[in-house]
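All remarks here apply to the structure that follows.
The values are calculated or read from the model by the stated rules, or taken from the named source; none is laboratory data. The shown structure was predicted, so the numbers you read here are calculated from the model rather than taken from an experiment. Positions of Cβ are generated from backbone atoms using ideal geometry, with glycine treated the same way; all protein chains shown enter the neighbour counts. Surface areas here come from the heavy atoms of the whole protein model, side chains and all, with no ligands, DNA or RNA. Shrake-Rupley method; radii C 1.70, N 1.55, O 1.52, S 1.80 Å.
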Amino acid sequence: MDNHLDLMPVLSRGRHRNPKRGACFMELASYLAGERWSDHPACTHPLLAALARLVNDNTSDDKRGELIGLVPSIIGLASDDLRVDARIAIRCATTALPVAAAERQLALAVSVLAAEEMLCRLDGVPSGRMGERSEWAMAQVPRAAEQARNFSRAARITEKGFRRYAAPNAVQLSVVGIVQACIPDPDTLLRELLTGAIADCSALIHGVALPAPRHAAGPGAGRTAADRARPILRAGP
């Protein structure tokens, strides 16, 4: 597979009419999956594909080529299970929340709570349960977390609204938050985010746990791109 990938078009931003003009991450995935050339192939969950496109387009030209090894692992990760959307939203929002500028933290914290609430509803467990990763991320921004909890008590999102609006907004906000954060290496954090999201989706859809990012953000993990940047973050108290 590695030799085959060496012959593929160079990854670049945006859409391309054909491989001769280059390829974005998902266009290359469509080619490898044997589908019609497209940046919206059927082989990948739509929200995961949206994340991959955003990471592709917001990674610097010098580092974008490092994403190419992830392309095969995104193929076949398709599902109608709303838990997939929730897991992607949680991965995105919890990755961005500790590093995002203060003015973005409330929206990201609300995204974490909305996704966790949707998981509770889908799993049939009492409202308020949160995963360890979400607890950790919210603890990094206590003021925004408190404001988000107060806001979320008065809001209840439908499953349709979560899939169409809340989850995509969480992905968009998270990537923008990382790109605009005062950290020395946003490219690495974007790659870690996509790697983690792919691993989450693989575990949920296929029951196969892919290797987590080497610097997987969260409690008990090694030093992440976010951790290394923490002294200069524009984060709220």
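Conditions first: (1) under 29 Å from Phe162 (Cα atoms); (2) modelled with pLDDT of 90 or more. Arg64 passes all but one, so which condition is the exception?
(1)
Would it be correct to say that Pro186 is out of contact with any strand residue (DSSP E or B) (no Cβ under 8 Å at 6 or more places or on another chain), farther than 18 Å from Val84 by Cα and open to solvent by less than 10 Å² (accessible area, probe 1.4 Å)?
No.
Which condition number does Val99 fail, the rest of (1) of a type outside the set (Ser, Thr, Tyr); (2) more than 24 Å from Ser30 (Cα to Cα); (3) outside any loop (DSSP other than H, G, I, E, B) being met?
Every condition holds for Val99 apart from (3).
Being in a helix (DSSP H, G or I), of a type outside the set (Val, Ile, Thr), out of contact with any strand residue (DSSP E or B) (no Cβ under 9 Å at 6 or more places or on another chain) and at pLDDT 95 or above narrows it down to one residue among Leu54, Leu48; which is it?
Leu54
How many of the residues in segment 119-154 are outside any helix (DSSP H, G or I) and either closer than 24 Å to Leu51 by Cβ or open to solvent by less than 40 Å² (accessible area, probe 1.4 Å) (or both)?
So the answer is 4.
Across segment 156-174, what is the total count of residues that are of a type outside the set (D, E, K, R), open to solvent by 30 Å² or more (accessible area, probe 1.4 Å) and without any contact (Cβ under 8 Å) to a residue 40 or more places away in the chain?
2
As an exercise: evaluate Ser111 against (1) open to solvent by less than 30 Å² (accessible area, probe 1.4 Å); (2) hydroxyl-bearing (Ser, Thr, Tyr); (3) not in a helix (DSSP H, G or I) and give the number of the one condition it does not meet.
Tallying (1) open to solvent by less than 30 Å² (accessible area, probe 1.4 Å); (2) hydroxyl-bearing (Ser, Thr, Tyr); (3) not in a helix (DSSP H, G or I), Ser111 fails exactly one: (3).
Out of all the residues in segment 61-108, which are open to solvent by 10 Å² or more (accessible area, probe 1.4 Å), among the small types (Gly, Ala, Ser) and within 15 Å of Val171 (Cβ to Cβ)?
Ala107
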